[in-house]
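The block underneath contains the structure these notes are about, expressed in structure tokens.
The values are calculated or read from the model by the stated rules, or taken from the named source; none is laboratory data. Here the structure is a predicted model, which is why all the values come from computation and not from measurement. Ideal geometry is used to build each Cβ from the backbone, glycine not excepted, and the neighbour counts take in all protein chains shown. We work out accessible area using only protein heavy atoms, side chains counted, and drop any ligands, DNA or RNA first. Shrake-Rupley method; radii C 1.70, N 1.55, O 1.52, S 1.80 Å.
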Amino acid sequence: MALILEDGTGKANADSYASAEDFADRAAAYGWTIPATEEAQEVLLRRAFEAMNALGWKGSRTHGTAQAGAWPRKGVTVDGEILADDHIPAAIVYGQMALAAEIHADDISPPEARKGPVVREKVDVLEVQYAEIKNTGRLMRAAPDRPSSVQFADYLARRGLFVAVSRA
């Protein structure tokens, strides 16, 4: 099923900001590994679109709950300028594609399946032992540089590192 692209009108049935063709072109340009089929690329874009809806963006949805996606938004100021209520910033579109590629990277190499560094290796009758990776709840996902996070930074309500303080 073809993607329904959000064009700034607040479509109720939109499921992507980017086309599969644009996603494939950007992946080729940036060296991302993505599936070869358009159908699989569209699935990743839909998953990224849904994940983006859960992020804390600046402003509010232009058409409230009537629109499917987090964008377009009203009341968004970036670099001292107020964005138009029907504008989908290029960084949002590029960020969706980066996030889709990150989701795919995690699908093909989940953190829980990764091995630690080699701590012992025997040459004859090949034997390799890997260090145990202790999951402290902070195990990094694939793509530690997270290009989607960089793209989204100016548009999120909160930016940077935050520490939760509990008062007992």
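For the range 1-75, the equivalent ellipsoid derived from the alpha-carbon gyration tensor has semi-axes of 25, 13, 10 Å in decreasing order. The candidates Tyr155, Tyr94, Tyr30, arranged from most to least accessible area with a 1.4 Å probe in the full protein assembly, appear as Tyr30, Tyr94, Tyr155. Convex hull volume of the Cα atoms of the range 65-114, normalised per residue: 120 Å³.
Put Val43, Val125, Val78 in order of accessible area, highest first, and with a 1.4 Å probe you get Val125, Val43, Val78. The packing ranking of peptides 18-26, 50-58, 3-11, highest mean first, is 18-26, 3-11, 50-58, where packing means the average number of other beta carbon atoms within 10 angstrom of each residue. To the nearest 10, the accessible area of Arg158 is 150 Å² with a 1.4 Å probe.
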